[in-house]
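Okay, structure first, notes after.
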Amino acid sequence: MVELARTDSDNPDFTELVTLLDADLHVRDGDDHSFFAQFNKLTNIRHAVVAYLDSLAVGCGAIKQYTPDTAEVKRMFVLPEFRGQGIAGQVLQELERWAAELHFKKLILETGKAQPEAIRLYTKSGFTVIPNYGQYQNIESSVCMQKALNQERML
């Protein structure tokens, strides 16, 4: 059974998973990786979730305030050998609950066209594609999405 732990960017399991995520993204993004990496620093991430399976850290995700009523989903990752088991969906649901508890009204995120499995997860989880925001506005390889949070349902 998957256990979810709320933590922050100081958690060594979270930082180790993010290191593996960055290595995976470096391969997928190729020459564009350094552009995206500058927006994915771990500093000041106070709301991270780590998924454990038999006490092994197998997945993670985080939210970070974007505006007073919007949080951005960051650093979603599941170890390759544990994909397809619903772990990412559980992490995302926990992040949604936590965002609602923090009184955010909506979640936004950026993913890449090179991550079709991420796009499927977010679409299945109720996210819809929006125009690229912020630093991703003119980036052809980016896909931006959002989801309104229903606080009453989430709590």
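Each residue in segment 76-93 was checked for being surrounded by 19 or more Cβ atoms within 10 Å (Cβ to Cβ) and either without any contact (Cβ under 8 Å) to a residue 60 or more places away in the chain or more than 10 Å from the chain's Cα centre (by Cα) (or both), and 5 of them qualify. With respect to the stated conditions, Ala48 is under 18 Å from Leu107 (Cβ atoms), of a type in the set (A, V, I, L, M) and modelled with pLDDT of 95 or more.
If the condition is being in a loop (DSSP other than H, G, I, E, B) and of a type in the set (A, V, I, L, M), then segment 129-149 contributes Ile139, Leu149.
Residue by residue, here is whether (1) surrounded by 15 or more Cβ atoms within 10 Å (Cβ to Cβ); (2) among the charged types (D, E, K, R); (3) under 21 Å from Asp8 (Cα atoms) holds:
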{"site": "Glu110", "(1), (2), (3)": "yes, yes, yes"}
{"site": "Pro116", "(1), (2), (3)": "no, no, no"}
{"site": "Ser125", "(1), (2), (3)": "yes, no, no"}
{"site": "Gln135", "(1), (2), (3)": "no, no, no"}
{"site": "Asn138", "(1), (2), (3)": "no, no, no"}
{"site": "Cys144", "(1), (2), (3)": "yes, no, no"}
{"site": "Asn150", "(1), (2), (3)": "no, no, no"}
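The values are calculated or read from the model by the stated rules, or taken from the named source; none is laboratory data. Treat the numbers as computed from the prediction; the structure is a model and nothing was measured. With ideal geometry, Cβ positions are generated from the backbone for all residues, glycine too; neighbour counts draw on all protein chains shown.
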